[in-house]
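Here's the structure, in structure tokens; my notes come after.
The values are calculated or read from the model by the stated rules, or taken from the named source; none is laboratory data. For clarity, every value in this text was computed on a predicted model and none was experimentally measured. Note that each Cβ is placed from the backbone with ideal geometry, even for glycine, and that neighbours are counted across all protein chains shown. These area figures cover heavy atoms from the full protein model, side chains too; ligands, DNA and RNA do not enter into them. Shrake-Rupley method; radii C 1.70, N 1.55, O 1.52, S 1.80 Å.
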Amino acid sequence: MEAKQLSDQVRVEFLNAIESASDLAALEKLRISVLGKKGRLSELMRALGSLEPKQRQAAGMVFNLLKTELTEAITARRVALDSEQLLADLSEQGMDVTAPARPEQAGTVHPVSQVLDELTEIFADMGFVVAEGPDIETEFNNFTALNIPPEHPARQMHDTFYFREKKDGARPVLRTHTSPVQIRTMTSESPPHRIIIPGRTYRHDYDITHTPMFHQLEGLVIDRDIHMGHLKGCLIDFARLFFEVEDLPLRFRPSYFPFTEPSAEVDIGCSIKDGVRHIGAGEEWMEILGCGMVNPRVLQNCGLDPSEWQGFAFGVGIDRIAMLKYGIRDLRGFFDCDLRWLKNYGFSALDLPTLGQGLSR
Ligand code: DAH
């Protein structure tokens with residue numbers, strides 16, 4: 001018989017069989033019976049040896065084409081059977097939605113994140129927006145523009161981490177407070193401003209209430225006709241909402257900061273019973289933040305005319321008020337990355353803060 005006829009015969013027989021193979025095992029059997037060493041096609045190819053070279057070449061081409069065709073058909077059928085099998089397995093096993101969940105370790109929200117969320121919510125309700133700046137600052141932004149000139153003792157007070165001096169004499173610093181972002185904002189955008197600035201700050205300090213890295217939240221309001229009454233109203237509202245004590249007493253105690261004039265520190269009322277601090281009316285005071293009216297010199301350093309623009313600023317230690325509100329005694333645990341500590345002091349991710357006044361205001 002001619003090679004072409006033989007090939008057609010095998011093609012018809014096997015293509016049909018492949019198409020109707022009902023499972024992977026049957027398909028594999030078919031593959032072996034036609035393409036395997038002792039398979040039909042292999043036998044035909046072996047028989048080519050006895051032909052004349054010319055005939056052999058022509059027949060070889062015919063059988064090779066058939067081999068490719070059959071191989072492709074088998075692969076296609078295998079893919080189809082595989083996905084049929086997968087669908088069958090899935091529908092057979094189904095999914096048991098009543099099966100108990102595997103006990104996953106639930107993560108918790110770090111007190112710094114929690115308090116930051118609370119602060120953001122309170123100030124957002126008062127119309128503040130968040131501004132940010134880099135941890136590595138220029139001496140100009142961190143000190144000079146804030147009216148802390150090179151010989152000023154406050155430069156020593158801050159226990160600054162300095163970087164090595166650059167070729168042009170500049171000495172970058174790890175910012176010692178979030179106040180430099182006041183400068184960045186006032187020099188890059190035009191007033192009015194109503195911003196809060198949360199972020200990391202750095203000082204060379206380490207004990208039960210100090211760590212070399214800590215967090216502050218700065219506030220800045222610049223507008224026409226802003227006065228001390230606005231400052232007091234804003235901070236009284238903030239403290240009462242944050243500590244969740246409606247009649248929380250506040251004391252504005254005169255103080256000094258180079259970048260504000262006048263300056264004050266704010267204390268809240270509290271009492272201590274059996275060694276435990278309670279926030280609210282009592283015989284003790286506890287300092288929570290520094291504030292003041294922005295010093296006209298700072299406004300001038302940023303190119304603003306103090307007869308046109310005034311404002312107030314404040315700076316609060318986020319970790320410090322987190323310790324106060326949630327009764328955490330040692331700051332160092334905040335940054336030890338100990339999961340046991342987080343389990344104890346962390347917050348559920350589902351408890352969103354609800355300290356703001358929302359739309360009812
Ligand atoms: N920058 C001050 C500090 O780190 C805190 C501060 C005090 C910020 C008064 C202010 C302010 O904006 O008005 O100690």
query = Going by the structure shown, is PRO100 open to solvent by 60 Å² or more (accessible area, probe 1.4 Å) and either more than 19 Å from GLY199 (Cα to Cα) or in contact with a helix residue (DSSP H, G or I) (Cβ under 6 Å, 6 or more places away or on another chain) (or both)?
reply = yes
note = Exactly one of GLY292, GLY311, GLY315, GLY303 is of a type in the set (Gly, Ala, Ser), within 25 Å of GLU189 (Cα to Cα) and open to solvent by 60 Å² or more (accessible area, probe 1.4 Å), and that residue is GLY303
message = For the structure I just gave you, tell me whether GLY303 is outside any strand (DSSP E or B), more than 15 Å from the ligand (Cβ to nearest atom) and at positive phi.
response = yes
query = Is it true that GLY107 is surrounded by 12 or more Cβ atoms within 10 Å (Cβ to Cβ) and outside any helix (DSSP H, G or I)?
reply = yes
task = Could you list, in sequence order, all residues of region 126-171 that are in a strand (DSSP E or B) and among the hydrophobic types (A, V, I, L, M, F, W, C)?
result = VAL129, VAL130, ILE136
request  = Could you tell me whether ARG77 is surrounded by fewer than 12 Cβ atoms within 10 Å (Cβ to Cβ) and either over 30 Å from PHE347 (Cβ atoms) or not hydrophobic (A, V, I, L, M, F, W, C) (or both)?
outcome  = no
Residue ID - farthest from LEU331 (Cα to Cα), chosen from residues in region 191-206 that are part of a strand (DSSP E or B) and open to solvent by 60 Å² or more (accessible area, probe 1.4 Å) = ARG194
key: Among the residues listed as GLY282, GLY333, GLY275, GLY269, the single one being in the same structural domain as ARG240 (by TED's automatic domain parsing), under 25 Å from MET126 (Cα atoms) and either crowded, with 19+ Cβ neighbours inside 10 Å or not hydrophobic (A, V, I, L, M, F, W, C) (or both)   = GLY269
query = In this structure, is SER7 loosely packed, with under 15 Cβ neighbours inside 10 Å and either touching a residue at least 12 places away in the same chain (Cβ under 8 Å) or more than 30 Å from TRP341 (Cβ to Cβ) (or both)?
reply = no
ask   = Residues in region 280-289: is at least one within 33 Å of the chain's Cα centre (by Cα), near the ligand (Cβ under 10 Å from one of its atoms) and assigned to a strand (DSSP E or B)?
value = yes
inquiry  = For a quick check of your reading of the model, give me the residue pairs whose first member lies in region 236-258 and is within 16 Å of the ligand (Cβ to nearest atom), whose second is open to solvent by 70 Å² or more (accessible area, probe 1.4 Å), with beta-carbon atoms closer than 7 Å and at least 6 apart or on different chains.
reply    = ARG251/TRP285; PHE252/LYS232
ask   = Among the residues of region 163-176, is there at least one that is β-branched (Val, Ile, Thr), open to solvent by 60 Å² or more (accessible area, probe 1.4 Å) and in contact with a helix residue (DSSP H, G or I) (Cβ under 7 Å, 6 or more places away or on another chain)?
value = no
